[in-house]
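K.L.:
Pasting a structure here, questions to come.
The values are calculated or read from the model by the stated rules, or taken from the named source; none is laboratory data. The structure displayed is predicted, hence computed values, not measured ones. Cβ coordinates were reconstructed from backbone atoms using ideal geometry, including for glycine residues, and neighbour counts include every protein chain displayed. We work out accessible area using only protein heavy atoms, side chains counted, and drop any ligands, DNA or RNA first. Shrake-Rupley method; radii C 1.70, N 1.55, O 1.52, S 1.80 Å.
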Amino acid sequence: MNRKFRPGAVIIVTLACLYFLVPLYATFQFSLQMRRGELSFDAYRSVLSSDVFLRAFTYSVVASIAAIIVGVLLIAPTAYWVRLRLPKLRPLVEFLSFLPLIIPAVVLVFGQIRLFGSSSILPLTTTEIGTNTLVVAGYVVISLPYMYRAIDNGMAAIDISTLTEAAESLGASRLRTIATVILPNLRSAIVSGAFLTFSISLGEFVIASLLNRPAFGPYLVQLGEDRAYEPAALAILSFALTWVLMGVMQAFALRKPNQRWLRRRTSAAGKSST
Amino acid sequence: MSQLTLRSVFKSFGATAVVRDFKLTMRDGEFLSLLGPSGCGKTTVLRMVAGFESPSAGQIEIDGRDVTHLRPAQRNIGMMFQAYALFPNMTVGENVAFGLKVKGVGRDEREARVADMLRLIGLPDLGARYPFQLSGGQQQRVALARALAPQPKVLLLDEPLSALDAKVRVSLRTEIRQIQQEMGITTIFVTHDQEEAMSISDRIVVMNGGVADQIGTPFEIYNRPTTRFVANFVGTLNTFEVKVVDPALGRVTLADQPLTLSDRPLGARAGDTLSIALRPEALRLGRSDAHETTLPARIDDVHFMGSVIRLRAMMAGVPVSLDTFNRPDVPPPVPGSMVEVSLSGHEAIVLNG
């Protein structure tokens, strides 16, 4: 088909690309100027060799992974049950899943501090492990809209109700049905939700800062106040990590069940006639 | 092979009764169709047998065992769904083996059984494929193999052919019937397609408003419908009001012409008005000595359908349809022309409901 050249569309796309890429390029360019008079990766070396960076990054990675596990265990069965048995409650659950986008994280943290502070029945903030638990719980809440939507969309795509009935008619228990039929078919949705959770939690500032935990978000802000070139290098590294995660997410989303990684399929996979 | 019995089963959703006093006894290896319009309760009956819905009252027995309150997984049933419902993450072989694995059948026996099943459905070489690599017809055949592999007591088919194109639908229904007869498995088939139900069933239950209006063989359902609904729903029907002359001898008049009904109008008295029905093939175009009565009719429409021509006409004050075989040497009547139509009382159905 012969596509018509549209100058207006080209100008808009070019402007949008410039809007995103020019600041990124400027940041990258700036991050290379640590050594006077020449371009170098000194800022990156400085960041990556810092013990504080490694501790903060490791803390955030571990907390993010914990948030992903808790999020999946909480949201996947909830979304499954709502779709299967309580479809009338779906609008309400969807609304609840949107609340973290409306209520600022600072309100959430102050709520946590009031509920689990030193004077409460369950004083989680008085111990390190308790405060870490609150950080993970906070990450689960702020990633809820993304995780819920990813999993719910995945469920909409596979008709879980008929698949559940098919498995049960073959003698499978509800647990076996979830483990062997539902979850494997939600793999790409769960991976998408997991990467989104990871991206959001990794650079999160408010929760970690107000609960006074040594996470990556507060470290970034602190570094921005103390140094010039390292924050730019960290920003570029964060962008690169996010893009890699998005790429992996896309690859999972497009992958067919029998597709191997890094190898092109050569066997006949086309549709056959009846 | 198993018997299935439903004893006065009721089902309500809130205040709405969707199945009322449904009674059925199926013999071993019988193929029974639940036929009816959308919302008549046929799928609800099937889902209650499967265990996906619980009856509000009544009892369901498989082989004399009360399964009313058992979960679907405990009933030993096989089911085919309209939307295939193959597990997308599993190969064809794994799909067929699923029920066997759940039952704890050993690997060797499982593999042998899967191979047997794939041969039975005519797809012996597709065990390694995934559902998305198969056509709709192939997917539904795999669904049949998957349902049959654990050797269920009852096979339940929930409109399994509805999503397929016409040609595949016809060939697959014949295959399903052949496999069902070969395995001798008691089967319930839900459909709203009367031709489908007629062509493959031992018996048909015609459902209307949650009630089994009539249970009978396809021959009985078509030729001897017991209610007006069944008569209208199954096939095309011409309905006439006749005046009873002698109920004991079945004598009535239609537009002042005499007819003798084989189907005696029980309980009617002389002078009463009665509804009778005649199939399009029971009305003969032209005068015929073999028929009792001849009435004039005006042709309204002519539909050429190949070997058969369906005429729509106005006869005795009511619109009627009549079928006549196509004869290349005799052109059909033209719309607007007057013709004679012959009919006999012994082919008429007396409508009660």
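K.L.:
Quick one: is A:ALA156 in a helix (DSSP H, G or I) and open to solvent by less than 50 Å² (accessible area, probe 1.4 Å)?
P.N.:
no
K.L.:
Would you call B:ILE62 closer than 24 Å to B:THR186 by Cβ, touching a Lys or Arg at 6+ places or on another chain (Cβ under 8 Å) and at the interface with chain A (Cβ under 8 Å from one of its Cβ atoms)?
P.N.:
Answer is no for this residue.
K.L.:
A:LEU163 - would you say it is over 20 Å from A:ALA194 (Cα atoms) and either in a helix (DSSP H, G or I) or at pLDDT below 95 (or both)?
P.N.:
yes
K.L.:
State whether the residues of the range A:223-246 include one that is open to solvent by 30 Å² or more (accessible area, probe 1.4 Å), modelled with pLDDT under 90 and within 14 Å of chain B (Cβ to nearest Cβ).
P.N.:
No; the residues of the range A:223-246 include none that is open to solvent by 30 Å² or more (accessible area, probe 1.4 Å), modelled with pLDDT under 90 and within 14 Å of chain B (Cβ to nearest Cβ).
K.L.:
Now, a different point. Please verify whether B:LEU100 is open to solvent by less than 40 Å² (accessible area, probe 1.4 Å), within 14 Å of chain A (Cβ to nearest Cβ) and touching a strand residue (DSSP E or B) at 6+ places or on another chain (Cβ under 7 Å), treating the condition exactly as stated.
P.N.:
No: the conditions fail for B:LEU100.
K.L.:
In addition: What are the pairs with Cβ atoms under 6 angstrom where one residue, in the range B:142-170, is free of Cβ contacts under 8 Å to residues at least 24 places away in the same chain and the other, located anywhere, is open to solvent by 10 Å² or more (accessible area, probe 1.4 Å) and outside any helix (DSSP H, G or I)? Sequence gap at least six, or different chains.
P.N.:
Listed pairs, sorted by first residue: none to list.
K.L.:
Does B:GLU53 satisfy being farther than 22 Å from B:GLN151 by Cα, acidic (Asp, Glu) and either within 14 Å of chain A (Cβ to nearest Cβ) or surrounded by fewer than 22 Cβ atoms within 10 Å (Cβ to Cβ) (or both)?
P.N.:
When the stated conditions are applied, B:GLU53 passes them.
K.L.:
Could you please let me know if B:PRO265 is surrounded by 15 or more Cβ atoms within 10 Å (Cβ to Cβ), under 30 Å from the mean Cα position of the chain (by Cα) and not in a strand (DSSP E or B)?
P.N.:
yes
K.L.:
Another question about this same structure. Test B:VAL308 against the criterion of being open to solvent by 30 Å² or more (accessible area, probe 1.4 Å) and without any contact (Cβ under 8 Å) to a residue 24 or more places away in the chain, and give yes or no.
P.N.:
Spelling it out, B:VAL308 is indeed open to solvent by 30 Å² or more (accessible area, probe 1.4 Å) and without any contact (Cβ under 8 Å) to a residue 24 or more places away in the chain.
K.L.:
Could I ask something else about it? Of the residues that make up the range A:154-165, is at least one touching a residue at least 12 places away in the same chain (Cβ under 8 Å) and facing another protein chain (nearest Cβ under 9 Å)?
P.N.:
Yes, because at least one residue in the range A:154-165 is touching a residue at least 12 places away in the same chain (Cβ under 8 Å) and facing another protein chain (nearest Cβ under 9 Å).
K.L.:
Which is closer than 18 Å to A:SER97 by Cα, more than 10 Å from every other protein chain (Cβ to nearest Cβ), surrounded by fewer than 24 Cβ atoms within 10 Å (Cβ to Cβ) and not aliphatic (A, V, I, L, M), of A:PHE205, A:PHE195?
P.N.:
After ruling out the rest, the residue left standing is A:PHE195.
K.L.:
Another one. More than 21 Å from A:SER161 (Cβ to Cβ) and within 14 Å of chain A (Cβ to nearest Cβ): which single residue out of B:VAL67, B:VAL9 fits that description?
P.N.:
None of the other options fit; the residue is B:VAL67.
K.L.:
So is B:ALA73 open to solvent by 10 Å² or more (accessible area, probe 1.4 Å) and at pLDDT below 95 or not?
P.N.:
When the stated conditions are applied, B:ALA73 passes them.
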